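Structure record follows, encoded as structure tokens.
None of the figures in this text is laboratory data; all of them are computed from the coordinates on show. Here the structure is a predicted model, which means the values were calculated and not measured. A quick note on method: Cβ atoms are made from the backbone with ideal geometry, for glycine too, and the neighbour counts reach across all protein chains shown.
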Amino acid sequence: MSVLVLMYHQIVPDLAPAGWVPSPLADPRYGVREGEFVRQMAHLRREGYEVLPLESLVSGGGSLREGAPERPAVVLTFDDGYESDFTRAAPVLARYGLPATFFVTTGQIGRPGMMTEAMVAELSAQPALRVGAHGESHRFLSALPEEECRDELVRSFARIRQLTGTDTVTMSAPGGRTDARVARLAREAGFCLLATSAPGLHPLPGDPFSVPRLPVLGHHSLGTFAALLDPSSLAHRRERWIRLARQRLRALLRRDTMSAGG
């Protein structure tokens with residue numbers, strides 16, 4: 001059995017102008033309009049997809065239904081910690097009874113367009129919703145010296161634990177940039193899971209410190225969204241190819257930079 005972990009960011013008003021963002025942290029490509037998000041969640045419920053809480057991946061998917069269909073279960077995640085997590089996404093998820101995890105950049109809490117401490121605490125108190133960490137400053141962890149990387153992880157873990165009152169805290173790597181060192185430091189900091197932006201399906205059981213995800217983008221129609229849920233579809237494979245190519249290019253550039261530096 002495998003799981004498809006979807007990665008959302010900001011949910012934007014239907015009437016917002018093209019390219020509108022709620023915060024300087026936001027990338028307009030990731031802005032999914034509220035009406036489209038409602039249609040996507042309705043599709044998951046209507047088509048009978050099994051939507052799992054992210055933390056179930058730590059235990060190898062122990063919450064899977066008996067006789068689940070031979071297609072990936074789905075996990076819903078949201079990165080950065082935008083105010084729209086609380087005002088737009090959470091009410092829709094509650095309407096359809098769907099679990100989700102919201103990864104919050106702790107140093108951005110309370111800034112314009114981002115959730116406040118009270119929102120984070122209230123969100124985490126809802127039965128099917130969880131709050132995890134997305135670093136403190138949103139710097140790419142794999143590019144940081146070890147002590148700075150450790151500090152980002154330890155500080156963000158402590159802040160999320162303080163706001164949610166739980167020791168079971170998950171982590172999403174900013175920019176999806178992670179490696180074996182980041183995974184080790186995340187485990188040492190107390191996290192129970194590390195989500196990446198590597199494309200693919202997460203096998204069950206699988207390594208909870210290397211969880212791949214596929215992004216849902218603002219230009220995705222409902223048909224494209226439905227195709228992303230099908231690993232055999234062209235849309236799903238295309239998204240994987242694009243993200244793999246970008247990751248390989250970044251790795252090559254990083255290697256060339258290190259070589260040039262002697």
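Averaged over residues, the count of other Cβ atoms within 10 Å places the peptides 166-174, 139-147 in the sequence 166-174, 139-147, highest first.
Ranked by Cβ crowding within 10 angstrom, fewest neighbours first, how are F191, F103 ordered? Could the numbers behind the result be given before it?
Numbers: F191 23, F103 27.
If I rank by nearby Cβ atoms, fewest first, I get F191, F103.
Kirkwood hydrodynamic radius for the stretch 67-113: how many Å is it when counted over pairs of different Cα atoms?
Numbers: mean 1/r = 0.0812 Å⁻¹.
One over the average 1/r among Cα pairs gives 12.3 Å for the stretch 67-113.
What the phi angles of the stretch 31-48 give under the Karplus curve with 6.51, -1.76 and 1.60, with θ = phi - 60°, is a coupling list of x, 9, 5, 4, x, 5, 4, 4, 5, 5, 5, 5, 5, 4, 6, 5, 7, x Hz, glycine and proline written as x.
Can you work out D for the stretch 8-50 in µm² s⁻¹ from Stokes-Einstein, where Rh is the Kirkwood radius over C-alpha pairs, the temperature is 37 °C and the viscosity is 0.692 mPa s? Spell out each step's value before the answer.
Details: Rh = 11.3 Å.
Rounded to a whole number, D works out at 291 µm²/s.
When you count the other C-beta atoms within 10 angstrom of each residue and take the mean per peptide, 13-25, 31-43 line up highest first as 31-43, 13-25. Here the stretch 47-162 is described by how far its Cα atoms reach on the three principal axes: 46, 31, 21 Å, from widest to narrowest.
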